[in-house]
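This report refers to the structure that appears directly beneath it.
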Amino acid sequence: MNAPTLFRLFHPTRAAQRLAVVTVDRAGDQVMLQVARGKNRAALVDVRMFGPFDEAALAVAHAGVLAELHAEGYVAAGLGQLLLALEGKSPQARARAALRLGWRREQSAVEPLLRLCERPKEDIATVIDALGALGDLRAVPAARAEAEKKLLSRRRSGVEALYALGDAEGIAAARS
């Protein structure tokens, strides 16, 4: 099984069960799957055990547990905090979060990043960089708008995003 032995998930809106930890416990040839929820690592109160599984059934069970947690609104630990940082007041925090989401290739960040493009902010160049790294074609209009700017750093972000998005028409317009 290629699943990690410890997988942390974060729920951005729940206060009582903000953290969910999925653990794979091996004992000989049998494997147990444990799901614990709580406010933080020290206060995991809702613990459930699944199994025993053999190695073949473990992958299916692990994927099912993670899918169930994702359906409840849990996201990978760190991802929820990055998505919340996109809506913060600090331009530096928003820029760092946008870049990290782009590096992680996190497709669930496309919508919040596009919403951030609609508001005029000083961190727009890093948002465009992140959208280019994500490769979502809905970012083409925003990248084209940045590629037309006179400020070189903003233009660079727009043009690099257009290259990453494969927008030949936008690149040709930026060259002229």
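The values are calculated or read from the model by the stated rules, or taken from the named source; none is laboratory data. Note that the structure is predicted; figures quoted are calculated from it, not measured. A quick note on method: Cβ atoms are made from the backbone with ideal geometry, for glycine too, and the neighbour counts reach across all protein chains shown. Heads up: the accessible areas ignore ligands, DNA and RNA and are worked out on the full protein's heavy atoms, side chains in. Shrake-Rupley method; radii C 1.70, N 1.55, O 1.52, S 1.80 Å.
Structural remarks
- Accessible area of the chain belonging to carbon and sulfur atoms, whole % at 1.4 Å probe: 55
- Å² of accessible area per residue within the chain, as computed with a 1.4 Å probe and no ligands counted: 56
- Note on the chain: GNM, Cα springs under 10 Å; of Ala125, Ala27, Ala145, the largest mean-square fluctuation is that of Ala27.
- For Gly38, neighbours were defined as the other residues whose beta-carbon sits under 11 Å from its Cβ, and their charges (Lys and Arg +1, Asp and Glu -1) total +4.
- Rounded to whole Hz, the Karplus (6.51, -1.76, 1.60) HN-Hα couplings of region 18-35, x for glycine and proline: 5, 10, 10, 10, 9, 10, 9, 10, 9, 9, x, 9, 10, 10, 10, 10, 10, 10
- Once the Kirkwood radius over Cα pairs is known for region 15-101, the Stokes-Einstein relation at 25 °C and 0.890 mPa s delivers a diffusion coefficient of 166 µm²/s.
- Residue with peak Gaussian network fluctuation, the chain [Cα springs, cutoff 10 Å], from Gly102, Gly88, Gly80: Gly88
- Whole-angstrom gap from region 1-80 to region 99-124, using each part's C-alpha centre: 28
- The 3J(HN,Hα) values that the Karplus relation (6.51, -1.76, 1.60; θ = phi - 60°) gives for region 94-103 are, in residue order, 4, 5, 5, 5, 4, 5, 5, 5, x, 5 Hz. Gly and Pro appear as x.
- Around Arg18: net Lys/Arg minus Asp/Glu count, Cβ-Cβ under 15 Å: +3
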